[in-house]
Amino acid sequence: MAWNKHEEGREKIMNLLYQSTRGGEKGLTASQAILKGLSDDGGLFMPVEIPVLDIPVEKLAAMTYQETAYEVMKRYFTDFTEEELKGCISRAYDEKFDTEEIAVLSKAGGDYFLELYHGSTIAFKDMALSILPHLMTISARKNGVENEIVILAATSGDTGKAAMAGFADVPGTRIIVFYPKGGVSRIQELQMVTQKGENTAVVAIHGNFDDAQTGVKKIFGDQEFGKRLAEKGYQLSSANSINIGRLIPQVAYYVYAYAKLVGNGELQQGEPLNVTVPTGNFGNILAAYFAREMGIPIGRLICASNDNKVLYDFFTTGTYDRNRPFILTSSPSMDILVSSNLERLIYLSTGCDGEKTAGLMKELADTGKYTVTDAMRQRMKEFWGGYADETENEETIRDLFVKHGYLIDTHTGVAAAVSGKYRKESGDHGKMLIVSTASPYKFSGSVLKAITGKAPENGESEFDVVDELARVSGMAVPKAVEEIRTAPIRHTAECDVADMEKQVAGILGC
Ligand SMILES: *Cc1c(COP(=O)(O)O)cnc(C)c1O
């Protein structure tokens, strides 16, 4: 058994191992779990325990983002050396971000907004996807993998671009992204189809995000196809938030935000901080839960949904039911009916019972729904589900802008609206952190409509809308948007959901 020396207090901590939420695979190291992405039994990898962050908050408050990230990640990725982890961190959180703070805290209307959109693709996915390629290439080296790693990603708009930006021209890797045609914003689509890098491919599918995600999971599960790829020297992995290598880096910004708020006197030490997260695949809010379990005094975890309110229904009734129409909203990155990472919470709420979790997931696959027990619900009581419709979202964005001069995007708008509902319904007026997941410019048309009441005219170019938003808001247009104004379109492939595997085979030439 490997032991790592622990700097604080010099006590020894064990090598933290990972197991599947469905009980079929156990005893993997962090690097093995990162490489695999998804377990062979279809489950998600979880550490056998959530480590404690035994560092006094005043010490955390003095740390940079990179130092905080290291303290969090070294407790999970225990088979990485200090040099390897610090190397990954410094290559990920560098000048690609437009601010040295990496994650920015702003105060508006009495709430704190944690801006996670200062990376190269202006959405919070950059927080994890700028480090995942580095974690993955080191994991491959550690495990003697000589195959080329092929990243398959389904995207509701932001993951695809952030993953390609991270993996573009990384030696030993290829990346193929599937997005729902017509299901992402125009800026999101342009960002993806103009992506550079000889190892990148983008395919629009005729279906919605859930179709794309299910299709990708199916390709992962096809053992025959896996063998064919291996013969050609390829090995599949995942950059979706099911990969533990995406979840853990996200824990860092909750630790960082709490410590900074204590450091600058906004919070008393130990004072609970409620957190509202605009939620889709349940990765971001689960990272907040991990931070809480590590010892950060996070109070309630408020899970904000748009009109696709499957999680709101789940937290209010105990039944998860995906049998409903899929609604396209102005917050497309949250247009999801199957929230993959919820499986990790389900697993924890069963007391880490793989068999029980596998049973519920089988029910979900067979019937589209399942119901959890009262005991399980009791274990999730820190979570509060809420949702906001399009009108509430627009009103919230307008209000914040008009009254406080603060501009947010449509996903953050959902979160801000739901945090207001939470305060009203619960009577809990504790301090609130609202997670801001995208730059308003990524959704220029919807944001402009929210603050001016006017929808962009038919045929108006996306960049006219961007310029109009800049004029009205006074907020500078980010570099990521300027870059795609003139960038040539490099990717035009489209396919039916049933042909996704064929597409992959074609792209890889096998
Ligand atoms: C991905 C995304 C979300 C949802 O995050 P999950 O971790 O999938 O719950 C919310 N907002 C934006 C802008 C996103 O890109």
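Listing for the model above:
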read-out	value
Additional length obtainable on full extension of the chain from A62 to D222, 0.36 nm per residue less Cα span	52.8 nm
Whole-Hz ³J(HN,Hα) from phi, Karplus 6.51 cos²θ - 1.76 cosθ + 1.60, for region 296-303, glycine and proline x	6, x, 7, x, 8, 10, 9, 9
Accessible heavy-atom area order of D307, D464, highest first, probe of 1.4 Å	D464, D307
Solvent-accessible area of E425 with every protein chain in place, 1.4 Å probe, in Å² to the nearest 10	140 Å²
Cross-link reach list, aspartates and glutamates versus K227, counting only Cα pairs under 18 Å and skipping chain neighbours closer than eight places	D40, D41, E146, E148, E501
Share, in percent, of DSSP beta bridges within the chain that are antiparallel, nearest 5	30 percent
R300 long-range amide H proximity, modeled H, under 5 Å	N274, V275
Label point 7 Å beyond Cα of E482 along Cβ direction - residues of region 93-123 with amide nitrogen under 18 Å	95-100, 118-123
Rg over Rh, two decimals, region 300-398 (C-alpha only, Kirkwood Rh)	1.00
Under 5 Å, built H, 5+ apart or other chain: amide partners of G385	C303
Length gained when the stretch R186-Q378 is fully extended (0.36 nm per residue, less Cα-Cα span)	64.9 nm
Whole-percent carbon and sulfur share, accessible surface of the chain, 1.4 Å	48 percent
Reachable lysines, given that their alpha-carbon falls under 17 Å from the alpha-carbon of K26 and they are not under 8 places away in the same chain	K36, K356
Cα Rg over Rh - region 48-196, Kirkwood	1.00
Residue-wise HN-Hα coupling along region 150-155, computed from phi with Karplus coefficients 6.51, -1.76, 1.60 (Hz; x: Gly, Pro)	10, 8, 9, 9, 9, 9
Three-way shape call for region 209-367 based on the alpha-carbon gyration tensor, with the a/c threshold at 1.5	prolate
Stretchable slack from D496 to N458, in nm (0.36 nm times residue separation minus alpha-carbon distance)	10.9 nm
Sequence ranges 390-401, 345-356, ranked by mean other-Cβ count within 10 angstrom, highest first	390-401, 345-356
Computed helical MRE - 222 nm, the chain, DSSP H runs ≥ 4 contributing -39500 (n - 2.57), nearest 500	-13000 deg cm²/dmol
Q268-E49 pseudo-label distance in nm [points 7 Å out on the Cα-to-Cβ vector]	3.1 nm
25 °C / 0.890 mPa s Stokes-Einstein diffusion coefficient of region 381-510, Kirkwood radius on C-alpha pairs, µm²/s	140 µm²/s
Cut-off 12 Å, label 7 Å out along Cα→Cβ of T81, residues of region 109-144 by amide N	142
Hz values of 3J(HN,Hα) by residue in region 282-291 - Karplus curve (6.51, -1.76, 1.60), Gly and Pro given as x	6, x, 4, 5, 5, 4, 5, 5, 4, 4
For region 225-284: rounded, prolate or oblate by the Cα gyration tensor [a/c cutoff 1.5]	prolate
Rg over Rh, two decimals, the chain (C-alpha only, Kirkwood Rh)	0.94
At q = 0.19, 0.28 Å⁻¹, base-10 log of I(q)/I(0) for region 163-218 (Debye sum, equal scatterers on each alpha carbon)	-0.69, -1.12
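The values are calculated or read from the model by the stated rules, or taken from the named source; none is laboratory data. Predicted model only: the values in this text are computed from it and were never measured. Counting neighbours? That spans all protein chains shown, and the Cβs are built from the backbone with ideal geometry, glycine included. The protein model used for the area step is the full one, side chains on, heavy atoms only, and it has no ligands, DNA or RNA in it. Shrake-Rupley method; radii C 1.70, N 1.55, O 1.52, S 1.80 Å.
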